[in-house]
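Quick note: the coordinates plus some simple rules give every number you see, no bench work behind them. Only a predicted model underlies this, so the values are computations on that prediction, with no experimental measurement involved. Note that we place each Cβ from the backbone using ideal geometry, even for glycine, and neighbour counts take in every protein chain shown.
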Amino acid sequence: MTFCECSKGRNAFTLLELFILIAVMAILTAIFLSTLALRPAHVWHPACANNLKQIGLAFKTWALDNGDRLPMGVSTNEGGSMELCAGPNAFAHFAVMSNELSTPAVLLRPQDKKRHRATNFDSDLNNSKLSYFVDLDAVPANLPLLLVGDRNLTNNSRPGNGILELRMGDQPGWTHELHKSRGHLLLADGCVQLVSNGTFRVVLASTVTNRLAMP
């Protein structure tokens, strides 16, 4: 009887093959790490979005305790900030929600290096310690209406008395200061988005006018 002799397969790497494998893995790792380093900074800062989510929850909680009204629509005699909408008082609309916000730390983006965090809501909070504007015309809604956003927004004009007015047809845009021509928005429905100039204009198109209290 004749038997066929099966060829023996190799079960181990040679030393040369092992060196080649290690070299390839090192190259791939270097490429991956360099790709991460080149990604835009905003991709790696979830704290920005977390701050706005906390602010959105504070607005919602405050409204539930005040007849479904936001601070900008409630008189200062009732604990709101309505009478302060006419001037450069962006900080005041957040200050009245001190109980809901718990700490002024959420009002400053970690990457906003030109500004310093307030230590309290009473004597130390002012516009220079804010990273966010607030829409004075905002109302509680389950719709994607503008509420709060990053302060690096411009309409190619200086805010009048601390207020930037945006109307249908305007072409506002983000500066390069914080997110390189992008910015975070907190919408009235609680959604937080990082949007480009074009996307922001789409959001703006759904409203007639927006008065933004700029910090």
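May I ask for the net charge around Lys129, where only other residues with Cβ less than 10 Å from the Cβ of Lys129 are counted and Lys, Arg are +1 while Asp, Glu are -1?
On the way: positive: Arg115, Arg117; negative: Asp112, Asp124.
Residues close to Lys129 contribute a combined charge of 0.
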Handout entry: Rough spin-label spacing in nm, given labels placed 7 Å along Cα→Cβ, for Ile27 and Glu177
Key = 4.6
Handout entry: Simple label model, 7 Å out from Cα along Cβ direction - Asn155 to Glu17, nm
Key = 6.9
Fill in the blank from the handout: Over all pairs of different Cα atoms in segment 94-170, the reciprocal of the mean inverse distance gives a Kirkwood radius in Å of 14.1
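In nm², what is the average projected area of the convex hull enclosing the Cα atoms of segment 45-213?
On the way: hull surface 35.3 nm².
For the Cα atoms of segment 45-213, the hull's average projected area reads 8.8 nm².
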Problem - Rounded FRET efficiency, nearest 0.05, which uses the C-beta distance separating Ser75 from Met168 and R0 of 41 Å - result: 0.90
